[in-house]
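Participant: Below: one structure in structure tokens.
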Amino acid sequence: MRIPILLGLALAGMALPSFAQTPGEPSVEGRLLQILRDKGVIDAAEHAELSKLEQDLRDQSRFESNVDAKVEELVARLADESPKSSYKPGKGFGWATSDNRFALNLGGRIQARFTHEENDDGSGNKNGEGEPNFSVPRARINLEGHAFEEYWKYKIQFDVAGDTARGNVGPLALPMGAGSTGTGSFTSGNRLTELKDAYLEFAKWKAFSIRFGQFKTPYSRQEITSSGAQEFVDRAITNRVFAPGREAGLMLFGTMGGEKEDFFEYYLGAFNGEGENQTNNDDGLLYVGRMAINPFGGVKYSESDTKGTDFLMALGVNALFHDNDNHSTSARFDTWSVGADLTLSWGGLYFTGELHYRETEQATNDMEVLGWHAQLGYFLLPGELEIGLRVAEIDWDNSATLAAQREYLGVIGYFFAEHNLKIQFDFGRVELHEHDHSRNDDEWRGRLQAQIVF
């Protein structure tokens with residue numbers, strides 16, 4: 001009976017906390033067995049047997065500890081190497097590899113709008129042309145990030161609420177229903193998914209970056225500012241007349257100076273000049289340039305002072321030249337334009353204004369267009385409730401049809417999460433006059449829009 005009792009004592013001893021020991025010295029359990037042997041409690045054979053059992057148990061414990069350590073190391077390594085997921089308001093959901101060589105952000109934007117217009121004739125009398133209308137002007141999906149290195153960037157943006165489908169499907173096409181003419185041509189109420197942005201960008205240095213693909217031309221601050229970051233429901237009437245919008249091309253750009261290298265910014269680009277998703281149709285290109293200074297720190301391309309910033313100011317100038325030769329040495333329609341913009345932001349107050357001049361060659365007299373807009377907004381409740389006013393005007397000279405267009409609007413906006421979740425209502429009068437004054441399209445207009453950016 002003595003061996004089981006002694007074995008229990010040995011195991012109990014092994015259950016006690018182990019302390020570090022000098023290599024070559026016996027363990028606590030080993031010394032205990034030696035004392036028992038020396039006092040005659042156990043004989044030499046029993047000592048040898050218990051010593052061997054102690055060593056076997058210790059080896060097994062060491063093996064299990066090593067296995068546990070290896071498993072923990074493997075789990076930690078897998079956790080480190082797995083893609084990191086994140087979410088940033090306004091940028092969307094993000095994934096990046098552990099070494100950050102590859103990253104992808106997936107986001108989107110939806111705008112739902114109700115518009116009501118009351119049209120007047122030249123005498124200011126209602127002519128019955130006003131219509132209430134619900135619409136989804138924008139429903140966009142963005143994918144952007146970097147690949148291989150953080151400075152090799154990319155962006156792809158689609159608008160699934162694009163233009164209405166129209167086209168010719170060919171003489172062998174199947175009938176398209178009520179929209180079919182029977183000859184292969186058709187129209188459809190469905191809206192196409194349009195490519196908005198698709199570009200690669202080399203941005204290793206802030207002072208010198210290159211963008212190649214389709215994107216916004218660097219003309220007009222309001223055009224560069226996202227439609228999702230506007231102070232009013234949409235941009236001013238001057239935008240469609242003067243800003244080229246998106247084009248396929250190449251652009252050099254950068255920022256420099258100041259503590260954060262954001263005092264001075266520049267953009268120089270060459271583009272097709274025919275509009276988004278269009279190939280060039282002549283021998284010339286569109287050349288666009290912009291410069292801006294930010295004396296008190298960088299000013300984001302976003303309207304409304306949602307954060308109540310310290311005083312900021314941005315002053316920019318733009319220029320473009322479209323070498324539009326129409327594959328002809330005589331029938332040229334070259335266009336050049338210049339513009340300037342000023343933006344001020346301070347403690348919930350936001351002001352921005354632009355002035356533009358454009359001239360286009362014609363067969364006889366060149367067409368000249370002068371336009372400007374100014375808008376001012378202020379947060380009555382900081383970061384939440386904003387009111388604002390906008391005035392815009394465009395005057396044509398030597399145009400075959402248009403003479404002037406004007407816009408007078410007020411806006412009320414409630415921001416739940418800055419521009420990422422907001423409701424806006426703008427209202428006012430928009431006037432469009434033809435050159436010979438034979439027709440005036442004047443209207444009172446109200447627009448209600450809700451937006452979510454995710």
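The values are calculated or read from the model by the stated rules, or taken from the named source; none is laboratory data. Note that this is a predicted model, so its numbers are computed, not measured. Here the Cβ is made from the backbone with ideal geometry for all residues, glycine too, and neighbour counts use every protein chain on show.
Participant: Within segment 407-423, how many residues are crowded, with 17+ Cβ neighbours inside 10 Å and closer than 28 Å to Asn440 by Cβ?
Facilitator: Here the count works out to 3.
Participant: Here's another thing I want to ask about it. Check Ala243, Ala270, Ala248 and return the single one that is under 30 Å from Thr115 (Cβ atoms) and in the same structural domain as Val317 (by TED's automatic domain parsing).
Facilitator: On the way: Ala270 fails: under 30 Å from Thr115 (Cβ atoms); Ala248 fails: under 30 Å from Thr115 (Cβ atoms).
Ala243 is the lone residue from the list that is under 30 Å from Thr115 (Cβ atoms) and in the same structural domain as Val317 (by TED's automatic domain parsing).
Participant: Looking at segment 356-388 only, could you name the residues that are buried (at least 17 other Cβ atoms within 10 Å of the Cβ) and under 23 Å from Met313 (Cβ atoms)?
Facilitator: Of everything in segment 356-388, those that are buried (at least 17 other Cβ atoms within 10 Å of the Cβ) and under 23 Å from Met313 (Cβ atoms) turn out to be His356, Gly371, Trp372, His373, Gln375, Gly377, Phe379, Glu386, Gly388.
Participant: Could you pull out the residue among Arg109, Arg101 that is in a loop (DSSP other than H, G, I, E, B) and closer than 30 Å to Glu150 by Cβ?
Facilitator: Of Arg109, Arg101, the one residue that is in a loop (DSSP other than H, G, I, E, B) and closer than 30 Å to Glu150 by Cβ is Arg101.
Let's see how each residue does on (1) modelled with pLDDT under 95; (2) touching a Pro at 6+ places or on another chain (Cβ under 7 Å); (3) buried (at least 17 other Cβ atoms within 10 Å of the Cβ); (4) among the aromatic types (Phe, Trp, Tyr):
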| position | (1), (2), (3), (4) |
| --- | --- |
| Tyr199 | no, no, yes, yes |
| Phe202 | no, no, no, yes |
| Phe215 | no, no, yes, yes |
| Ala229 | no, no, yes, no |
| Asn239 | no, no, yes, no |
| Ala243 | no, no, yes, no |
| Leu250 | no, no, no, no |
| Asn272 | no, no, yes, no |
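Participant: Quick check, is Ile394 within 19 Å of Gly353 (Cβ to Cβ), in the same structural domain as Ile110 (by TED's automatic domain parsing) and of a type in the set (A, V, I, L, M)?
Facilitator: On the way: within 19 Å of Gly353 (Cβ to Cβ): yes; in the same structural domain as Ile110 (by TED's automatic domain parsing): yes; of a type in the set (A, V, I, L, M): yes.
Judged against the criteria, Ile394 is a match.
Participant: Given Leu104, Leu53, which one is modelled with pLDDT of 80 or more, at negative phi and either within 60 Å of the chain's Cα centre (by Cα) or not assigned by TED's automatic domain parsing to the domain that holds Glu149 (or both)?
Facilitator: Matching residue, one of Leu104, Leu53: Leu104.
Participant: Next question, about the same structure. Going through segment 274-323 one residue at a time, which ones are β-branched (Val, Ile, Thr), at pLDDT 95 or above and touching a Ser or Thr at 6+ places or on another chain (Cβ under 9 Å)? Break it down stepwise before answering.
Facilitator: Residues of segment 274-323 β-branched (Val, Ile, Thr): 279, 288, 293, 299, 306, 309, 317.
Now restrict to residues that are at pLDDT 95 or above: 288, 293, 299, 306, 317.
Scanning segment 274-323 gives Val288, Val299.
Participant: Could you figure out which of (1) buried (at least 18 other Cβ atoms within 10 Å of the Cβ); (2) touching a strand residue (DSSP E or B) at 6+ places or on another chain (Cβ under 8 Å); (3) on the phi < 0 side of the Ramachandran plot; (4) among the small types (Gly, Ala, Ser) isn't true of Ser304?
Facilitator: Among (1) buried (at least 18 other Cβ atoms within 10 Å of the Cβ); (2) touching a strand residue (DSSP E or B) at 6+ places or on another chain (Cβ under 8 Å); (3) on the phi < 0 side of the Ramachandran plot; (4) among the small types (Gly, Ala, Ser), Ser304 violates only (3).
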